[in-house]
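In what follows, a structure is listed as structure tokens, so that the remarks can point back to it.
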Amino acid sequence: MAFETHWYGTGRMSGLVSSERASLGPMVDPFGRSIRYLRVSVTDRCDLRCFYCMSEDMTFLPKADLLTLEELDRLCSAFIAKGVRKLRLTGGEPLVRRNVMSLVRSLSRHLSTGALDELTLTTNGSQLSRFASELADCGVRRINVSLDTLDADKFRAITRWGDLDKVLAGIEAARAAGLAVKINAVALKNLNEDEIPALMRWAHGKGMGLTLIEVMPLGEVGIGRIDQYVPLSLMRARLAQQFTFTDLDETTGGPARYVRVAETGGRLGFITPMTHNFCESCNRVRITCTGTLHTCLGQEDASDLRKPLRASPDDALLGAAIDRAIGQKPRGHDFIIDRRHNRPSVSRHMSVTGG
Ligand code: SAM
Ligand code: SF4
């Protein structure tokens, strides 16, 4: 794939009225936040069915609705031209999209030119044995692998049919290829709550960070969220009885807050959308595999970028549509889970928006 279209410097904007002109500077939202981080769901499909993420009988999008890999490349490149410095591919499971490595390879040109600081992905690890060395070869340096338990039976129960050994082999393949791996685990009531210390010791013992995530009320999954949700404030207090934490200043502009764990020497993160408001420093937006832009994970806001993308071979309309959407980025989310709000706050599943 070779896409070199940018909407500025091409001299092709003359047919636009001024309100449709894309801005040339970085994307800054109405609250003064610069948008530097783009997360792209390359597919809504997955080879697993984690019970907090998808219902067992998920209906997936018709393949014809998806952007092609070339279109995804063009869309990502448009955002990079507008100041995005970090790009994360996600899904669904990004590594089950056919030929996804051609997209990774093609996007890696932005690393070579210095336009992009980081190209990374979030994966369930099931396909990593196949792709780890090629990812490293494309300039991917760090990846996030989602893993909620080290118990094979629990893993099967959580993912409905997943094979833990395959994921562990994938993680080893990634480490062998020189990729830094961070483990993400969703804290799940009565399921892995008690296992978090062991999971942390295991991850830190291999030099991998661990980040805990609170269940978010995204999409109908056939079970009430109150049955899944553990507040991480509670989890942190429990862990602090066994471990010594030192707060770290590092942030990714996102929802994670990190501590250094004295006993393991490793880094532990807490992603607390439910108990801590992180929106004031939000630097990110998301696009789905159909080209819908969501400027906030926790709101129903959506802008269609597929139409302007397809309407014209240059990126002027697309750039203007991006600017309009960024100009309406909400201040923040309003997630609530309690007994009165035991329904999805947002109807999109995480696998659609891109976790
Ligand atoms: N399939 C890949 C994976 O599992 O890493 C990437 C997509 S997945 C949707 C991204 C992350 O979202 C995973 O870490 C998953 O655990 C998390 N996730 C999915 N549904 C969630 C929910 N309702 N609340 C919190 N985290 C969720
Ligand atoms: Fe698939 Fe990831 Fe969702 Fe699990 S969390 S069902 S691996 S998309």
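Nothing in this text is a laboratory measurement; each read-out follows from the coordinates by a stated rule. These numbers come from a predicted model, not from an experiment. Note that each Cβ is placed from the backbone with ideal geometry, even for glycine, and that neighbours are counted across all protein chains shown.
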Is the shape of the stretch 56-142 rounded, prolate or oblate, going by the alpha carbon gyration tensor and its root eigenvalues a ≥ b ≥ c, with a/c under 1.5 for rounded and a/b larger than b/c for prolate?
-> oblate
Once you put a point 7 Å from the Cα of ARG260 and another 7 Å from the Cα of SER112, both along the Cβ direction, what distance in nm separates them?
-> 3.9 nm
Taking LYS329 as the anchor, which lysines have their alpha carbon closer than 22 Å to its alpha carbon, excluding any fewer than eight residues away along the same chain?
-> LYS82, LYS86, LYS307
Want the number for SER312 to THR290: 0.36 nm per residue separation, take away the alpha-carbon distance, what's left?
-> 6.2 nm
Work out, step by step, the length gained on full extension between ARG98 and ALA152: first 0.36 nm times the residue separation, then minus their alpha carbon distance; give nm to one decimal.
-> 16.7 nm
Separation in nanometres of the label points that stand 7 Å from Cα toward Cβ, at ALA237 and ARG331 = 2.9 nm
For the stretch 101-168, what's the relative contact order in percent, using C-alpha pairs closer than 8 Å and at least 6 residues apart?
-> 33 percent
Taking 0.36 nm per intervening residue step and subtracting the Cα-Cα distance, what contour gain separates ARG324 from LYS189 on full extension?
-> 44.6 nm
Ranked on Cβ counts within 10 Å of their own Cβ, fewest leading, ARG45, ARG130 go ARG130, ARG45
Among 26-34, 144-152, the order from most to least packed when residues are scored by Cβ within 10 Å on average = 144-152, 26-34
Pop out the ³J(HN,Hα) list for the stretch 148-165 in order, Karplus 6.51 cos²θ - 1.76 cosθ + 1.60 with θ = phi - 60°, rounded to Hz; leave Gly and Pro as x.
-> 9, 7, 9, 9, 4, 5, 5, 4, 5, 5, 5, 8, 6, 7, x, 10, 4, 4
Could you pull out every one of the lysines with an alpha carbon less than 24 Å from that of LYS166, ignoring same-chain neighbours closer than 8 positions?
-> LYS154, LYS182, LYS206
If each residue's Cβ is checked for other Cβ atoms within 10 Å, how do ASP249, ASP73 rank with the fewest at the top?
-> ASP249, ASP73
Quick calc: nm separation of the 7 Å Cα→Cβ label points for ARG160 and SER281 -> 3.7 nm
